[in-house]
Amino acid sequence: MITQKIIQNKLPFIIIVTLLVGLHIFWEYHYNNGVTTHHLLAREDLPGISNWWGLLSIPLISWILISLSKWLHNKDSITYSLSKITKGFIGGLVFGILIALLWELRLENILQYAIWTPIILAFFIPIYLPGNLLGFILGLTFTFGGILPIGIGLVLIIISFVIWTIFRKWIPFIFQKINQRN
């Protein structure tokens with residue numbers, strides 16, 4: 001399985017990711033007369049982040065998230081199985097590409113609702129896992145550069161983790177304690 005090979009040997013995957021980011025930046029530089037700078041809230045009067053940062057941030061976050069996936073898999077190979085890691089990565093990648101397409105096609109009226117999908121899914125499945133985040137970041141990188149997807153993804157993952165923890169761990173625990181008192 002390819003996921004096992006990636007988890008066991010991160011370097012080839014990180015080299016491929018770095019090359020893809022480098023090709024994207026070369027394409028921007030060559031065909032767009034310079035590398036794109038993404039401004040906060042898409043407003044020119046706010047500070048911007050250049051896509052050049054993607055050469056550092058995307059390989060680094062890939063290494064961190066793959067290492068974290070390996071650690072979780074080694075810790076509990078049933079809960080964090082390779083098939084769950086793969087499904088999470090693909091799900092995050094598809095969702096990231098969907099968000100990027102909605103943005104590129106200027107469908108903000110759909111995007112404003114689609115961005116809530118991970119938060120709603122967090123009530124039912126654990127989407128706060130590192131494979132999901134890596135797929136989401138890579139799916140958004142072409143459209144939003146190397147920094148904004150990390151920030152957006154981290155916010156969604158933190159909110160999803162809080163929801164999953166509250167509704168799947170704390171609330172059953174509280175009901176169990178209440179039932180024990182009766």
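The values are calculated or read from the model by the stated rules, or taken from the named source; none is laboratory data. Keep in mind the model is a prediction, meaning the values are calculated, not measured. Note that each Cβ is placed from the backbone with ideal geometry, even for glycine, and that neighbours are counted across all protein chains shown. The area values use the complete protein model at the heavy-atom level, side chains included, leaving out ligands, DNA and RNA. Shrake-Rupley method; radii C 1.70, N 1.55, O 1.52, S 1.80 Å.
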Ile49 of a type in the set (Val, Ile, Thr), within 18 Å of Pro149 (Cβ to Cβ) and modelled with pLDDT of 90 or more: no
Pairs where the first residue, in the range 150-166, is farther than 17 Å from Gly131 by Cβ and touching a residue at least 40 places away in the same chain (Cβ under 8 Å) and the second is open to solvent by 30 Å² or more (accessible area, probe 1.4 Å) and of a type in the set (Phe, Trp, Tyr), C-beta under 7 Å, 6+ apart: Ile163/Phe123
Pair list, Cβ < 7 Å and 6+ apart or interchain, from the range 1-25 residues that are in contact (Cβ under 8 Å) with a residue 40 or more places away in the chain to residues that are part of a loop (DSSP other than H, G, I, E, B) and surrounded by 11 or more Cβ atoms within 10 Å (Cβ to Cβ): Val21/Gly146
Residue that is assigned to a loop (DSSP other than H, G, I, E, B) and either touching a strand residue (DSSP E or B) at 6+ places or on another chain (Cβ under 6 Å) or of a type outside the set (S, T, N, Q) (or both), where the choices are Ile85, Ile78: Ile78
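Count, please, the residues in the range 91-122 that happen to be assigned to a loop (DSSP other than H, G, I, E, B), open to solvent by 80 Å² or more (accessible area, probe 1.4 Å) and under 19 Å from Leu41 (Cβ atoms). Please lay out each step first, then the result.
Just the residues of the range 91-122 that are assigned to a loop (DSSP other than H, G, I, E, B), to begin with: 105-107, 115-116, 122.
Of the ones still in play, those that are also open to solvent by 80 Å² or more (accessible area, probe 1.4 Å) are 105-106, 116.
If we keep only those that are under 19 Å from Leu41 (Cβ atoms) too, we end up with 106, 116.
Within the range 91-122, residues that are assigned to a loop (DSSP other than H, G, I, E, B), open to solvent by 80 Å² or more (accessible area, probe 1.4 Å) and under 19 Å from Leu41 (Cβ atoms) number 2.
Each row is one residue, and each column tells you yes or no for (1) part of a helix (DSSP H, G or I); (2) of a type outside the set (Val, Ile, Thr).
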site	(1), (2)
Pro12	yes, yes
Ile16	yes, no
Leu20	yes, yes
Tyr29	yes, yes
His38	no, yes
Glu44	no, yes
